[in-house]
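Structure first, commentary second.
The values are calculated or read from the model by the stated rules, or taken from the named source; none is laboratory data. Bear in mind the structure is a predicted one, so any value in this text is a computation, not a measurement. Here the Cβ positions follow ideal geometry from the backbone for every residue, glycine too, while neighbour counts run over all protein chains shown. Calculation scope for accessible area: heavy atoms of the full protein, side chains included, ligands and nucleic acids excluded. Shrake-Rupley method; radii C 1.70, N 1.55, O 1.52, S 1.80 Å.
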Amino acid sequence: MNRRMLLIGALVSGVLVTVVTAISAAAADRSPRSHQPVTVIEALGQEDFEPNALIFSTFRFDPGRSFPHSGDIVRLVDHDRSEAAPHTLTVVRRGQLPTTFDDVLFGCEACEAALGAHFATDPPTRRVGLEDGLNAPGDSMLIFNGQVTGGTLTAPAGSVLYFLCAFHPWMQGRLVVG
């Protein structure tokens with residue numbers, strides 16, 4: 001009889017554990033999920049050059065559009081396949097984004113300003129204008145081959161921060177702050 005009671009008790013306990021686990025899992029699926037506290041933006045691609053014939057670049061930001069929240073860390077990571085290409089994540093006004101070939105090569109004033117700020121010191125300054133966080137045109141982060149840097153996003157919810165690489169202004173993206 002005791003053996004039978006132990007067996008029944010074990011079966012009831014097993015059923016209860018299964019039911020409680022299923023209810024907990026269902027409740028977890030319905031609970032709101034918190035946002036990711038780190039947004040990673042990668043510099044990807046490669047560049048080739050053949051004198052008097054070809055300049056070819058597939059440099060790009062991935063993702064080109066992100067949806068971080070104010071207070072998140074925005075991390076810039078160099079994962080391109082070039083050994084010598086530095087990159088920046090430089091916040092600009094939408095109207096400062098180059099839209100033509102000539103703009104990319106000759107007319108990017110925001111790029112010149114960012115590079116001037118980064119290279120005003122030796123060694124170069126890796127973070128420009130981020131004293132109060134990543135939130136305004138002129139804020140810029142610089143990385144060299146294989147490096148990572150980041151900053152806290154302090155722009156208010158509803159803001160859109162447009163950015164580019166000051167070295168490669170066709171690399172463009174935006175942060176839509178949630």
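Brief remarks on what is shown
- Under the condition of being in a loop (DSSP other than H, G, I, E, B) and either within 21 Å of PRO169 (Cα to Cα) or touching a Lys or Arg at 6+ places or on another chain (Cβ under 8 Å) (or both), the residues counted in the stretch 128-156 number 11.
- You will find that of GLY116, GLY64, GLY173, GLY146, the residue that is over 17 Å from ALA43 (Cβ atoms) and either touching a helix residue (DSSP H, G or I) at 6+ places or on another chain (Cβ under 8 Å) or not aliphatic (A, V, I, L, M) (or both) is GLY116 and no other.
- Positions within the stretch 129-178 being of a type in the set (Val, Ile, Thr), open to solvent by 30 Å² or more (accessible area, probe 1.4 Å) and touching a Leu at 6+ places or on another chain (Cβ under 8 Å), in sequence order: VAL148, THR152, THR154, VAL160
- Residue match in the stretch 155-178 (condition: more than 18 Å from THR58 (Cα to Cα) and modelled with pLDDT under 95): yes
- Meets criteria (under 20 Å from GLU42 (Cα atoms) and exposed (fewer than 14 other Cβ atoms within 10 Å of the Cβ)) for ARG81: yes
- The listed residue being farther than 27 Å from ILE55 by Cβ and among the aliphatic types (A, V, I, L, M), out of LEU130, LEU115: LEU130
- Unmet requirement for THR121, which otherwise passes all of (1) buried (at least 18 other Cβ atoms within 10 Å of the Cβ); (2) over 16 Å from the mean Cα position of the chain (by Cα): (1)
- For the stretch 49-64, the set of residues classified as under 18 Å from LEU161 (Cβ atoms) and of a type in the set (A, V, I, L, M, F, W, C) consists of PHE61 only.
- Index of the failed condition, THR125 passing every other in (1) outside any loop (DSSP other than H, G, I, E, B); (2) polar (S, T, N, Q); (3) free of Cβ contacts under 8 Å to residues at least 60 places away in the same chain: (1)
- Residue within the stretch 47-57 that is surrounded by 11 or more Cβ atoms within 10 Å (Cβ to Cβ), among the acidic types (Asp, Glu), modelled with pLDDT of 85 or more and within 16 Å of the chain's Cα centre (by Cα) present: no
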